[in-house]
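Peer 1: Below: one structure in structure tokens.
The values are calculated or read from the model by the stated rules, or taken from the named source; none is laboratory data. All values reported here derive from a predicted model rather than from experimental measurement. FYI the Cβ positions are ideal-geometry reconstructions off the backbone, even for glycines, and counts take in every protein chain you see. What goes into the accessible areas is simple: the full protein's heavy atoms, side chains included, and nothing from ligands, DNA or RNA. Shrake-Rupley method; radii C 1.70, N 1.55, O 1.52, S 1.80 Å.
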Amino acid sequence: MDIVNISKDELIDITINLIDKNLPLVSNLANLSKLLYDSFSGTNWCGFYICYENKNIMYLGPFQGPIACTEIPFSKGVCGKAVTSKKSILVPNVHNFIGHIACCSSTNSEVVIPIMKGSKVLGVIDLDSNNFNNYTNDDVLLLENIANLISTIFN
Ligand code: SME
């Protein structure tokens, strides 16, 4: 995919400038969901799920796009796989991913990036597209850099 109108370095710079450690987490994530939604072309849903380790569930955080699933057990879906494997998961065709959770029936591809602090997964960034193969390995690397920046605003 293309990053709309800006370079990868500019997206990193904008992310750094948008993050305000004096704000509540929810306020930062709200603006970041909009930034990423607008920046990755072909995206129809972009948002965060926040991990509640004591319950083995992640809950829906700020997002852009259609109404989505509010809770995802760590054992389910692409998001769950990203949390339990502690790895980014790139899914070129969600119909081939066994256990994919179809929050939105128009979605055809997806990428999920864990937000890590040390070895702990705090949450995930999830981007969905109606296009097949919308996201690339380069996107994963860029989103992993962004996830590192975002990890600094979690307590
Ligand atoms: N497709 C995800 C669920 C979240 S929605 O896409 C917003 C999954 O399989 O974990």
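Peer 1: Over all alpha-carbon pairs of the range 8-153, lay out the pair-distance distribution in 10 Å bins, whole %, shortest bin first.
Peer 2: Percent of pairs per bin, in order: 12, 47, 35, 5, 0.
Peer 1: Which residue, chosen from CYS51, LEU127, THR15, occupies the Cα position most advanced towards the positive end of the dipole of the chain, where the dipole is computed from +1 (Lys, Arg) and -1 (Asp, Glu) charges on Cβ about the Cα centre?
Peer 2: CYS51
Peer 1: Grab the other residues whose beta carbon is less than 11 angstrom from that of CYS46, score K and R as +1, D and E as -1, and report the net. Could the numbers behind the result be given before it?
Peer 2: Values: positive: LYS34; negative: ASP38, GLU110, ASP126, ASP128.
Within the 11 Å Cβ shell, the charges total -3.
Peer 1: Determine the sum of side-chain charges near ASN93: Lys and Arg each +1, Asp and Glu each -1, restricted to other residues whose C-beta is under 14 angstrom from that of ASN93.
Peer 2: On the way: positive: none; negative: GLU110, ASP128.
Value of the local net charge: -2.
Peer 1: Using a 1.4 angstrom probe, figure out how much accessible area the chain has per residue, in square angstrom, rounded to the nearest whole.
Peer 2: 49 Å²
Peer 1: Sticking with this structure for a sec: Taking the range 70-118, which trypsin sites (Lys or Arg not before Pro) meet the DSSP loop condition and have no more than 12 other C-beta atoms within 10 Å? Show your work: numbers first, answer last.
Peer 2: Numbers: sites: LYS76, LYS81, LYS86, LYS87, LYS117; in loops: LYS76, LYS86, LYS87.
Taking the range 70-118 and a limit of 12 other Cβ atoms within 10 Å, the loop trypsin sites (Lys or Arg not before Pro) found are LYS86.
Peer 1: Filter the chymotrypsin sites (Phe, Trp or Tyr not before Pro) in the range 73-155 to those in DSSP coil with at most 14 other Cβ atoms within 10 Å of their Cβ, and list the result.
Peer 2: Details: sites: PHE74, PHE97, PHE132, TYR135, PHE154; in loops: PHE74, PHE97, PHE132, TYR135, PHE154.
Answer by residue number: PHE132.
Peer 1: Another question about this same structure. Using only alpha carbon pairs under 8 Å that are at least six residues apart, calculate the relative contact order of the range 1-153 and give it in whole percent.
Peer 2: Numbers: 300 pairs, mean separation 35.8, N = 153.
Computed value for the range 1-153: 23 percent relative contact order.
Peer 1: Quote the charge dipole size of the range 8-153 about the Cα centre in Debye, to the nearest 20; the model charges only the Cβ of Lys and Arg (+1) and of Asp and Glu (-1).
Peer 2: Details: 10 positive and 13 negative charges, 114 e Å.
Result for the range 8-153 is approximately 540 debye, rounded to the nearest 20.
Peer 1: Then there's this: Counting only protein heavy atoms, what percent of the accessible surface of the chain is carbon or sulfur at a 1.4 Å probe?
Peer 2: Details: 3850 of 7630 Å².
That fraction is 50 percent.
Peer 1: Using 7 Å Cα-to-Cβ label points, what is the ASN133/ASN17 separation (nm, one decimal)?
Peer 2: 3.5 nm
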